[in-house]
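Trainee: Encoded as C-alpha cells, here's the structure I'll be asking about.
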Amino acid sequence: MALPETGRVARAAGRPGGRRDLRRPGGSARPGGARPGAVRPRPPAGSTAAARPRVLPPHVLFAERLLAVLTGERPVHWMLGHTIGEAYEQLIRLAPANPLRPAGTARGSRPVLRRCSGTPLSESVVEAYATVTTGARVRAMAFRLERGQDRRWRCAAVDLGPA
C-alpha cells in the first residue's frame, strides 16, 4: 500500500507528531539536533575524552565526606551508614565545634581538600590522610577505611591534627 504524496514527511506508525524546529541543524527540536537512533561518533583511540566517568578512590571520597561533616555543611548522621565501630562516636565528639571551619571567616568560604593519600594495609583496609586548607592554615586529618563483606567501604576511625 502506497502513501499519497502530500509534500509532507510521513510519520512512523504509532509515533506522535512533534514540533520540528527548523532553526536547528537537522531540523530537530532536540538539543544538538540529535535524532532518535542517531549514533554518536566515538572519540579516536588514545584521545583524552574518556568513555566512562572517572571513579575516585574510596579514600578521596571519604575525605570529602568527612570534610563536609567537620565543617558543618552536613550533619553527623549523614555518615551513619558509612561508619563502623568508634568512628561515628568520634565524629559526634568532633563535629559540633566545626573544627575545620576557620574562625571569623564568611559562611561562604569553604575549607579545601588539598592532598589526600591512602596506604592499603590489606585488600580490605586502607589508612589515609588528607591535608585541608582552612583560611591561612593547613590542618591534617587521618582516617581508616575498612571494606565489609558487602564490598562497601566504611570509615572505622577519624583523627584530626592539633588545632
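The values are calculated or read from the model by the stated rules, or taken from the named source; none is laboratory data. Bear in mind the structure is a predicted one, so any value in this text is a computation, not a measurement. Glycine gets a Cβ as well: all are built from the backbone with ideal geometry, and neighbour counts include every protein chain shown. Note: areas computed on protein heavy atoms with side chains; ligands, DNA, RNA excluded. Shrake-Rupley method; radii C 1.70, N 1.55, O 1.52, S 1.80 Å.
Trainee: Here are some residues: A130, A136. Which one is out of contact with any Pro (no Cβ under 6 Å at 6 or more places or on another chain), open to solvent by less than 30 Å² (accessible area, probe 1.4 Å) and at negative phi?
Mentor: Result: A130 is the single residue among A130, A136 that is out of contact with any Pro (no Cβ under 6 Å at 6 or more places or on another chain), open to solvent by less than 30 Å² (accessible area, probe 1.4 Å) and at negative phi.
Trainee: Which condition does P120 not pass, out of (1) without any contact (Cβ under 8 Å) to a residue 12 or more places away in the chain; (2) surrounded by fewer than 14 Cβ atoms within 10 Å (Cβ to Cβ); (3) of a type outside the set (G, A, S); (4) under 22 Å from A163 (Cβ atoms), if it passes all the others?
Mentor: (4)
Trainee: Right, next: Among the residues of the stretch 85-117, write down those that are hydrophobic (A, V, I, L, M, F, W, C) and either loosely packed, with under 15 Cβ neighbours inside 10 Å or more than 15 Å from R154 (Cβ to Cβ) (or both).
Mentor: Of everything in the stretch 85-117, those that are hydrophobic (A, V, I, L, M, F, W, C) and either loosely packed, with under 15 Cβ neighbours inside 10 Å or more than 15 Å from R154 (Cβ to Cβ) (or both) turn out to be I92, L94, A95, A97, L100, A103, A106, V112, L113, C116.
Trainee: Restricting to the stretch 54-67, name every residue that is open to solvent by 10 Å² or more (accessible area, probe 1.4 Å) and either part of a helix (DSSP H, G or I) or not aliphatic (A, V, I, L, M) (or both).
Mentor: The answer is R54, P57, P58, H59, V60, L61, F62, E64, R65.
Trainee: Tell me which residues, restricted to the stretch 101-117, are at pLDDT below 85 and within 21 Å of the chain's Cα centre (by Cα).
Mentor: Selection gives G108, S109, R110.
Trainee: For the stretch 68-81, name all the residues that are surrounded by fewer than 15 Cβ atoms within 10 Å (Cβ to Cβ) and either in a helix (DSSP H, G or I) or β-branched (V, I, T) (or both).
Mentor: Scanning the stretch 68-81 gives H77, W78, L80, G81.
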